[in-house]
1. Just for segment 93-152: of the residues that are outside any loop (DSSP other than H, G, I, E, B), more than 14 Å from the ligand (Cβ to nearest atom) and of a type in the set (Gly, Ala, Ser), which one is surrounded by the fewest Cβ atoms within 10 Å (Cβ to Cβ)?
2. Take the residues of segment 7-34 that are surrounded by fewer than 20 Cβ atoms within 10 Å (Cβ to Cβ), more than 13 Å from the ligand (Cβ to nearest atom) and not hydrophobic (A, V, I, L, M, F, W, C): which is nearest to ALA207 (Cα to Cα)?
3. Out of everything in segment 1-20 that is touching a helix residue (DSSP H, G or I) at 6+ places or on another chain (Cβ under 9 Å) and of a type outside the set (A, V, I, L, M), what residue ends up being farthest from ALA123 (Cα to Cα)?
4. Output the number of residues of segment 165-207 satisfying the condition of being in a loop (DSSP other than H, G, I, E, B), crowded, with 17+ Cβ neighbours inside 10 Å, away from the ligand (no atom under 16 Å from the Cβ) and at pLDDT 95 or above.
5. What number of residues within segment 35-81 satisfy the criterion of being among the acidic types (Asp, Glu), over 17 Å from THR116 (Cβ atoms) and away from the ligand (no atom under 16 Å from the Cβ)?
Amino acid sequence: MTQDELKRAVGQAAADYVAAHAPQGAVLGVGTGSTANCFIDAIAPFKDRFRGAVSSSEASTVRLRSHGFAVLDLNDVNEIPVYVDGADEVNDRLHMVKGGGGALTREKIVAAVASTFVCIADASKLVPVMGKFPLPVEVIPMARAYVARELTKLGGEPRLREGFVTDNGNVILDVHGLSIDDPVGLEARINQIVGVVTNGLFAARGADLLLLGTPGGVVQHLPR
Ligand SMILES: O=C(CO)[C@H](O)[C@H](O)COP(=O)(O)O
């Protein structure tokens with residue numbers, strides 16, 4: 001199976017999960033990226049069961065609307081039973097590195113509100129130690145050079161994502177060369193740097209369920 005086929009399989013599995021578990025009239029939390037797009041396409045036939053969706057990016061909003069979903073302002077929503085999103089890396093505790101698509105801050109906000117975070121990923125994303133995928137950090141533009149120096153002190157090699165501006169008007173520093181042995185500690189440490197909006201470690205609030213696309217089928221993992 002190709003990687004795209006595995007992404008479609010987990011997108012469909014997540015749609016089946018949500019259709020079975022989310023209450024009638026619920027608000028759905030929707031992530032960003034190519035795997036999340038597969039989920040959006042797979043859940044579209046069930047859209048009338050939902051009050052609408054809260055989106056984590058302008059790109060997902062466009063796709064949701066193209067399927068006829070009502071896209072709601074998070075400030076008008078009290079509860080999100082399920083949030084479905086992809087990951088760039090995930091470990092067996094269901095900590096993740098996210099933000100390859102640059103939507104990490106809105107993703108983290110929607111995930112914080114959600115009762116259940118379902119991570120959907122192809123098998124290549126499951127790793128013993130995270131850090132091979134450069135860790136995205138969203139930064140207020142005027143703090144870029146300062147934050148880069150601070151990230152270097154933590155042992156990483158930050159590189160500006162050239163020509164990219166987030167939906168929030170900020171820049172991304174991708175931090176190379178980290179071996180993330182303490183995801184919870186590093187997430188908190190980086191967020192303490194003045195000028196950082198947030199970083200792509202989702203460890204304090206990891207996923208509750210991983211649907212992993214493997215050549216043998218979609219496998220469910222709970223946090224170890
Ligand atoms: O965090 C993300 C976007 O900010 C994505 O979930 C992550 O980059 C995975 O993307 P894809 O499903 O395209 O591999």
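The values are calculated or read from the model by the stated rules, or taken from the named source; none is laboratory data. Given the structure is predicted, the values throughout are model-derived calculations rather than measurements. For neighbour counting, all protein chains shown are included, and Cβ atoms are generated from backbone atoms with ideal geometry for every residue, glycine included.
1. ALA145
2. By that ranking, first place goes to HIS21.
3. So, considering only residues that are touching a helix residue (DSSP H, G or I) at 6+ places or on another chain (Cβ under 9 Å) and of a type outside the set (A, V, I, L, M), the one farthest from ALA123 (Cα to Cα) is ASP16.
4. 2
5. Of the residues in that region, 3 qualify.
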